[in-house]
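Below is one structure; the comments refer to it alone.
The values are calculated or read from the model by the stated rules, or taken from the named source; none is laboratory data. The model shown is predicted, which means the values in this text are computed figures rather than measured ones. We place every Cβ from the backbone using ideal geometry, glycine too, and count neighbours over all the protein chains shown. The protein model used for the area step is the full one, side chains on, heavy atoms only, and it has no ligands, DNA or RNA in it. Shrake-Rupley method; radii C 1.70, N 1.55, O 1.52, S 1.80 Å.
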Amino acid sequence: MKIKISSDSTCDLGSELTAGHDIGIIPLSVILGENVYSDGIDITPQQIFDYVAATKTLPKTAACTEEAYAEQFEKFLEGHDALIHFNISSKASVTNRNASEAAKRFGGRVKVIDSLALSTGQGLLVLKACDFAKEGLDPDEIVRRVEALRPKVNTSFVPDSLEYLHKGGRCSLAALLGAKVLKLHPLIEMDEGQLHATKKYAGSLVRCLKNYVADLAEKYPSYDRTRCFITHSSCERDVVDMVRGLVDEAFDFENVYETVAGGVITGHCGKNTLGVLFIHD
């Protein structure tokens, strides 16, 4: 059986990985004023940073409609027996609802999975589905296995600033001002499809990221060694390289990939946000 794997652009896997695994990507829309862009195609993080600096407002995002999903699903099914599609968490977007409705038109050939994650937390599940498909598993078994892995995905990140989270209504003005004065950087973690601030690191971003990686290593001594992602929104090269070194020292992953967050994720978290994402046991 020939199975196609696809995902919304919010998986942040990057063109090299998606091409290498033949993953179909459906872009969400990023809206800057009157201009509508396709996530991962014709918009850059710098355009978003410039827009927010000039307007003091965040970009808007738009999910694919049911009709748009149906059109893409039909294309992806060409030459394939089945399609498995991944969405960003249903608690963050209506994409999963729209995709699920579109899937009903294809007589069971299209399976839609709510990742209950975002960015490369979603991407980790997408790649697992690719692994399972290569093993020759049928679509129902792939869905079962992937959904069993969802609670084990560490989707977490540390933002340099709370400015974008404040503008998006995800933190108060008092928290924003307090973080600036005290040099606080919250740890944002996803639990059951929703983001929560679970801890506060103090000091420079570099110091906070060092503590973040150390905390991950302590919290997750047992993990899937297949792959890990260092995903960031345009962090400085030396910061990313430092984190990569810390991950290599603290963990034993077969593959550590670096990806830059796409427009949808960048538009909500802001510049210099970084996460280390993997599947734990």
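Listing for the model above:
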read-out: Helices (runs of 4 or more DSSP H) within region 167-281 that include 2 or more residues more than 28 Å from L28 (Cβ to Cβ) and at pLDDT below 90; value: 173-182
read-out: So F157, is it under 28 Å from Y220 (Cα atoms), touching a helix residue (DSSP H, G or I) at 6+ places or on another chain (Cβ under 8 Å) and of a type in the set (F, W, Y); value: yes
read-out: Filtered residue count, region 246-262, keeping only those that are closer than 21 Å to F49 by Cα and open to solvent by 70 Å² or more (accessible area, probe 1.4 Å); value: 2
read-out: Qualifying residue in region 256-269 (condition: free of Cβ contacts under 8 Å to residues at least 24 places away in the same chain and of a type outside the set (S, T, Y)); value: no
read-out: Check on F106, more than 25 Å from V260 (Cβ to Cβ), aromatic (F, W, Y) and open to solvent by 30 Å² or more (accessible area, probe 1.4 Å); value: yes
read-out: Residues being out of contact with any strand residue (DSSP E or B) (no Cβ under 8 Å at 6 or more places or on another chain) and open to solvent by less than 20 Å² (accessible area, probe 1.4 Å) - total across region 43-54; value: 1
read-out: Region 68-126: number of residues that are at positive phi and in contact (Cβ under 8 Å) with a residue 60 or more places away in the chain; value: 3
read-out: Candidates E101, E147 - the one that is closer than 19 Å to I23 by Cα and open to solvent by 40 Å² or more (accessible area, probe 1.4 Å); value: E147
read-out: I5 being β-branched (V, I, T) and closer than 17 Å to S233 by Cβ; value: no
read-out: Residues of region 269-281 satisfying the condition of being in contact with a helix residue (DSSP H, G or I) (Cβ under 6 Å, 6 or more places away or on another chain), open to solvent by 20 Å² or more (accessible area, probe 1.4 Å) and farther than 20 Å from A129 by Cα; value: K271
read-out: Output for region 1-22, where each listed residue is touching a helix residue (DSSP H, G or I) at 6+ places or on another chain (Cβ under 6 Å) and either outside any helix (DSSP H, G or I) or surrounded by fewer than 22 Cβ atoms within 10 Å (Cβ to Cβ) (or both); value: I3, K4, I5, S6, S7, D8, D12, L13, H21
read-out: Among residues of region 55-92, those that are farther than 19 Å from K104 by Cα and either modelled with pLDDT under 90 or open to solvent by 30 Å² or more (accessible area, probe 1.4 Å) (or both), counted; value: 11
read-out: Some residue of region 25-42 being closer than 29 Å to K111 by Cα, small (G, A, S), open to solvent by 50 Å² or more (accessible area, probe 1.4 Å) and at pLDDT 95 or above; value: no
